[in-house]
Amino acid sequence: MQLTEIIYDCLGKVKATDILEYDMKERSPFFDTMILASVDSERQASAVVNYIEEEVNKIGAKLRGIEGLNTAWVLIDLYDVIISIFTHEEREHFALEKIYLDISCKKIV
């Protein structure tokens, strides 16, 4: 199973919504993929972080870091993949989709 498939599975476990995947290979020298997802609460965000940490450890992938744990915007850095998990309100406030309008994107859920 690919890393992104594992991430989508973990996001599905907490019923995350509005999942978008951006191809950043041509845009960033630091990572290839950026995934955005929305959850209903900070508790849901913490749960998905726990799922992702467990699954990443199982396959031996490396986790660079987690920022914003127990807040309305959690960022998980898996080197080639960056995941931003927002509460709906926080995602609407920052509106990252508007910044990345010109980048190849696919809607996952």
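General remarks:
- Among the residues of region 41-60, just one is closer than 19 Å to H93 by Cα and touching a Lys or Arg at 6+ places or on another chain (Cβ under 8 Å), namely Q44.
- Taken residue by residue, region 54-65 has no member that is under 12 Å from the mean Cα position of the chain (by Cα) and not basic (K, R).
- Residue tally, condition more than 21 Å from K15 (Cα to Cα) and not polar (S, T, N, Q), over region 95-109: 6
- Screening W73 against (1) surrounded by 15 or more Cβ atoms within 10 Å (Cβ to Cβ); (2) in contact with a Cys (Cβ under 9 Å, 6 or more places away or on another chain) leaves a single unmet condition, (2).
- Selection from region 20-32 of residues that are open to solvent by less than 80 Å² (accessible area, probe 1.4 Å) and either touching a residue at least 12 places away in the same chain (Cβ under 8 Å) or acidic (D, E) (or both): L20, E21, Y22, D23, M24, F31, D32
- Hits in region 68-94 (condition: touching an Asp or Glu at 6+ places or on another chain (Cβ under 8 Å), under 11 Å from F31 (Cβ atoms) and not in a strand (DSSP E or B)): D80
- A search for C-beta distances below 6 Å between a residue of region 33-57 that is buried (at least 19 other Cβ atoms within 10 Å of the Cβ) and any residue that is of a type in the set (D, E, K, R), counting only pairs 6+ apart in sequence or on different chains, returns I35/E21; S38/D18; S38/R91.
- Flag if E97 is at negative phi, free of Cβ contacts under 8 Å to residues at least 24 places away in the same chain and assigned to a helix (DSSP H, G or I): no
- Whichever residue in region 1-19 is farther than 12 Å from V56 by Cα and outside any helix (DSSP H, G or I) and, among such residues, is most open to solvent (accessible area, probe 1.4 Å): K15
The values are calculated or read from the model by the stated rules, or taken from the named source; none is laboratory data. Keep in mind that this is a model prediction, so the values were computed, not measured. Don't worry about glycine lacking a Cβ; one is built from the backbone with ideal geometry, like all the others, and counts go over all protein chains shown. Protein only, heavy atoms only, side chains kept; ligands, DNA and RNA dropped before computing areas. Shrake-Rupley method; radii C 1.70, N 1.55, O 1.52, S 1.80 Å.
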